[in-house]
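A short write-up of the structure that comes next.
All of the numbers you see were taken from the coordinates with simple rules; none came from a lab. Predicted, not measured: the structure shown is a model, and the values here were computed from it. Cβ coordinates were reconstructed from backbone atoms using ideal geometry, including for glycine residues, and neighbour counts include every protein chain displayed.
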Amino acid sequence: MRTVSGVWRWRRNALRRATDRHEAWLALGALLLVVLLAPAAGCLCGLLTDSALRDLIREQHAHRRETSAVVLSVSPRAEAPAGDPGRGAGPATGQAVTATWRAPDGGERHGTVPVGARLTEPGERVRIWTDDRGAVAPRPMDLITARIHASLAGAGAFLLTAGAVETARRTALRSMVRRRHARLDRAWASVGPDWGRTGTGS
């Protein structure tokens, strides 16, 4: 913005160089791309991600169902070794629960089911999710989580697009500056030997 406004203010100045005008157009083009292209890319990515996640939610709800499982046995998780980095120390709060439940085909299934940090006892009923074959499956994604993921994807696309535009602008600007310096070097090489010797008769 400073480059654009600065060149606009002294656009009729006799000292203005052609490269100044080019840099101003480059800055203006990058600004327009950030203002127009980056939000469009973010919105498009967010909408596409939201649509894909909604399809995933519908598919998960179509092939997963919540059922009741009866706890058969409970085994506390192993205590983390003292001083083990990344795991901490002391007893874990979760449990390894073996349970039995009915599959959609009416058959009986049994295995380890997740209960998180909840403490359960043998004979207690817990709610679990299973797939079409009756195997334990993760809980389907909810709409709030899908919207959060879509928003994050849109924000990421916006930032990536804006960063790519700024990177391209800086790259082009460096190239323009190098060419300008090269022209100055050539001009100086042609007049440098005679600098300050005008009128000396040499």
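Along each of the three principal axes of the Cα atoms of segment 101-147, give the extent in whole Å, ordering the values from largest to smallest.
37, 29, 13
How many nm is it between the label spots at I148 and R58, if each spot is 7 Å from the Cα in line with the beta carbon?
Taking the simple label geometry, I148 and R58 are separated by 2.4 nm.
In terms of modelled amide H atoms, which long-range or inter-chain residues lie less than 5 Å from the amide H of E124?
Amide H neighbours of E124, under 5 Å, 5+ apart: V71.
How large is ³J(HN,Hα), in whole Hz, for each residue of segment 33-46 in order, when computed from phi with the Karplus curve 6.51 cos²θ - 1.76 cosθ + 1.60 and θ = phi - 60°, using x for Gly and Pro?
5, 5, 6, 9, 6, 4, x, 5, 5, x, 5, 4, 5, x
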